[in-house]
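Colleague: Dropping a structure here in structure tokens format, bear with me for questions.
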Amino acid sequence: MFQVVRSSPVPLGDQLVEEVTRLIESKRLPEGARLPSVRSLARRAGVSVYTVSSAYERLSARGLIQARPGWGYVVSRPARSPVAPRVELGPSQSADSALGFARRLIEQDNIVVPAGAGFLPADWLADAIPSSVLSRFGRSGAAGESAPVQGDPELRALLAERLRSASVPVLADQLIVTFGATHAFDLIARTLLSRGDAVLVDDPGYFVLPTQLKAHGARLISVPRQRDGSDLAALEEAAKLHRPRMFFTQTLLHNPTGMSASPANCHGVLTLAERYDFLVTEDHVYSDLASAPLVSLAQIDELRRVLYVGSFTKVLGPGLRIGFLAVPAALVPRLIEAKILSVLSGSGLGEFVLREVLASGKYRRHVERLRDRLAKARAATAMALGGAGLQVEATPGQGIFLWARLPACVDPDRLALEAQAAGILLANGALFSPSGQSRDCLRFNDANGADPRLARFLSAQTGNAA
């Protein structure tokens, strides 16, 4: 009893925890049984006092043992587990809904091939944040402090400098740090939209946004997305008819198509925004992955009627939910107030980490590696999908996503069900298209799209199997 194997790769403390847990669960150590003292067990097992003390603390945290003053550690009374009620998902979280798909993307349950995933694979991001950064945070004493409501001043200064280098003139005081882009969109909707306002969105576009805006009472108007950006004729017609309050769009490395708007298209959007007096929220979640500088609305407009939304979650990893807003100075106080009412302040840890990787140059090097890797993966994905019978753009864009069209003989809904049964996550075009015009398309993650299992599945569905 209480033996450890020094030659085992399992740490000694873990071995002790597992051994005591096994003895308790097998009833060999019954309720109320007294465990050896820390020093006694350390001598018997031939380990340090610290190892035993740490193991006992972990067992206590699990509720298996408890400390009694003057008596030591004893086995706890087994906790009664309540019968878990069956939780039925509502229609808004069904597998084919935006929220249901978002949940599957995040939780990745029973997914073997995440072909339509929204994040890069974990092994692509393993070196994005060095462990030394987290060690410095622990030593800094910042863990005991709240992040400033607007965001860490040094971080905002770094972000402002990065935007200025991209030809977006902005001051640090015009920036607000957020918990990623979705939080930024929520702050904008809370602050600048009223129930019943007409709001324009890309079609296809970011799949969560329409549901998010509807929750705030907005009336959604779709604007078709073309290869070179927004359909300007459709945009003007919608602006004339609906007099929108705002247009949410993604100019660069568009999700889901991967395409970027042309400079002429950007000028056209801003001309219409001024003519019909609506604001523009420009989503820059993927802009850092562009291989060369591209023209954006924020550059041309200089943040007069454009709100810039940035995020680092896609590039550094989904565990670090951090982004920012860059807005006209007059809007900052209202957005800060909305942030206080929704989350009080930001994450001191997240802001410290982002500040460190930006200031050290590690972020720039990490992004350069991702660009090279994505370019190769994108070419392989395009080839694999074409070979499986899907129609891929002849000159695909950049970034994480590739947009492909199914043959007319394939039913997208049936395909999604069969893919789910096979453990393959597909992102159906209908999720991204409020009008339903992209129902026969699929979004693919470049990092996962060349998986042979996906190619075999799609080939069998399209009748393109060898």
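The values are calculated or read from the model by the stated rules, or taken from the named source; none is laboratory data. As the structure is a computational prediction, the values presented were derived from the model and not from experiment. Note that we place each Cβ from the backbone using ideal geometry, even for glycine, and neighbour counts take in every protein chain shown. Protein only, heavy atoms only, side chains kept; ligands, DNA and RNA dropped before computing areas. Shrake-Rupley method; radii C 1.70, N 1.55, O 1.52, S 1.80 Å.
Colleague: From the list L374, L385, L349, pick out the single residue that is part of a helix (DSSP H, G or I) and within 24 Å of Y308 (Cβ to Cβ).
Modeller: Testing whether each residue is part of a helix (DSSP H, G or I) and within 24 Å of Y308 (Cβ to Cβ) leaves just L374.
Colleague: Residue pairs, Cβ under 7 Å, 6 or more apart or interchain, first in the stretch 339-352 and without any contact (Cβ under 8 Å) to a residue 40 or more places away in the chain, second part of a helix (DSSP H, G or I). List them.
Modeller: none
Colleague: Can you name every residue in the stretch 257-271 that is open to solvent by less than 10 Å² (accessible area, probe 1.4 Å) and over 13 Å from E236 (Cα atoms)?
Modeller: Within the stretch 257-271, G258, C266 qualify.
Colleague: Further question: Could you say whether any residue in the stretch 140-156 is β-branched (V, I, T), closer than 30 Å to R304 by Cβ and modelled with pLDDT of 90 or more? Steps first, answer last, please.
Modeller: Initially, the stretch 140-156 is screened for residues β-branched (V, I, T), giving 149.
Subsequent filtering for residues that are closer than 30 Å to R304 by Cβ retains 149.
Now restrict to residues that are modelled with pLDDT of 90 or more: 149.
Yes; the residues of the stretch 140-156 include at least one that is β-branched (V, I, T), closer than 30 Å to R304 by Cβ and modelled with pLDDT of 90 or more.
Colleague: Can you work out which of the residues in the stretch 411-426 that are open to solvent by 20 Å² or more (accessible area, probe 1.4 Å), in contact (Cβ under 8 Å) with a residue 12 or more places away in the chain and of a type in the set (A, V, I, L, M, F, W, C) is nearest to L454 (Cα to Cα)?
Modeller: Going through the qualifying residues, I end up with A422.
Colleague: Determine which member of the set R443, R439 is within 20 Å of G258 (Cβ to Cβ), assigned to a loop (DSSP other than H, G, I, E, B) and either acidic (D, E) or touching a helix residue (DSSP H, G or I) at 6+ places or on another chain (Cβ under 7 Å) (or both). Break it down into steps so the answer makes sense when it comes.
Modeller: On the way: R443 fails: assigned to a loop (DSSP other than H, G, I, E, B).
Just a single option satisfies the conditions, and that option is R439.
Colleague: Regarding E274, is this residue among the acidic types (D, E) and crowded, with 24+ Cβ neighbours inside 10 Å?
Modeller: no
Colleague: Condition first: in contact with a Phe, Trp or Tyr (Cβ under 7 Å, 6 or more places away or on another chain) and not in a helix (DSSP H, G or I). Can you find one or more residues in the stretch 185-193 that meet it?
Modeller: No, the stretch 185-193 contains no residue that is in contact with a Phe, Trp or Tyr (Cβ under 7 Å, 6 or more places away or on another chain) and not in a helix (DSSP H, G or I).
Colleague: Now for a separate question. What number of residues in the stretch 277-308 are crowded, with 22+ Cβ neighbours inside 10 Å, of a type in the set (A, V, I, L, M, F, W, C) and under 24 Å from F119 (Cβ atoms)?
Modeller: Residues that pass the stated criteria total 1.
Colleague: From the list L200, L252, L232, L241, which one is farther than 22 Å from D446 by Cα and crowded, with 22+ Cβ neighbours inside 10 Å?
Modeller: When all the criteria are applied, what remains is L200.
Colleague: Of the residues in the stretch 41-50, how many are on the phi < 0 side of the Ramachandran plot and either outside any helix (DSSP H, G or I) or open to solvent by 30 Å² or more (accessible area, probe 1.4 Å) (or both)?
Modeller: 6
Colleague: Taking the criterion of being out of contact with any Phe, Trp or Tyr (no Cβ under 7 Å at 6 or more places or on another chain), free of Cβ contacts under 8 Å to residues at least 40 places away in the same chain and either open to solvent by less than 10 Å² (accessible area, probe 1.4 Å) or more than 15 Å from R225 (Cα to Cα) (or both), would at least one residue in the stretch 432-442 satisfy it?
Modeller: Yes, the conditions are met somewhere in the stretch 432-442.
Colleague: If you take the residues of the stretch 324-344 that are within 25 Å of the chain's Cα centre (by Cα) and assigned to a loop (DSSP other than H, G, I, E, B), which of them is surrounded by the most Cβ atoms within 10 Å (Cβ to Cβ)?
Modeller: V327
Colleague: Which residue, of R405, R378, R369, is of a type outside the set (V, I, T) and over 25 Å from G229 (Cα atoms)?
Modeller: R369
Colleague: Which pairs have Cβ atoms under 6 Å, sit 6 or more apart or on different chains, and link a residue in the stretch 132-148 that is open to solvent by less than 60 Å² (accessible area, probe 1.4 Å) to one that is polar (S, T, N, Q)?
Modeller: A147/S345
Colleague: Continuing with this model, one more query. Might you let me know whether the stretch 121-139 holds any residue that is on the phi > 0 side of the Ramachandran plot and outside any helix (DSSP H, G or I)?
Modeller: For the stretch 121-139, residues on the phi > 0 side of the Ramachandran plot and outside any helix (DSSP H, G or I): absent.
Colleague: Just to be sure, is A95 under 29 Å from K314 (Cβ atoms), at pLDDT below 85 and surrounded by 11 or more Cβ atoms within 10 Å (Cβ to Cβ)? Before the answer, list the steps.
Modeller: Values: under 29 Å from K314 (Cβ atoms): yes; at pLDDT below 85: yes; surrounded by 11 or more Cβ atoms within 10 Å (Cβ to Cβ): yes.
Here the answer is yes, as A95 does meet what is asked.
Colleague: I would also like to ask the following. In the stretch 161-195, which residue that is of a type in the set (G, A, S) and without any contact (Cβ under 8 Å) to a residue 60 or more places away in the chain is surrounded by the most Cβ atoms within 10 Å (Cβ to Cβ)?
Modeller: Let us first name the residues in the stretch 161-195 that are of a type in the set (G, A, S), namely 165-167, 172, 180-181, 184, 189, 194.
From the residues that got through so far, the ones that are without any contact (Cβ under 8 Å) to a residue 60 or more places away in the chain too are 165, 172, 189, 194.
Values: S165: 9, A172: 18, A189: 23, S194: 10.
So, considering only residues that are of a type in the set (G, A, S) and without any contact (Cβ under 8 Å) to a residue 60 or more places away in the chain, the one surrounded by the most Cβ atoms within 10 Å (Cβ to Cβ) is A189.
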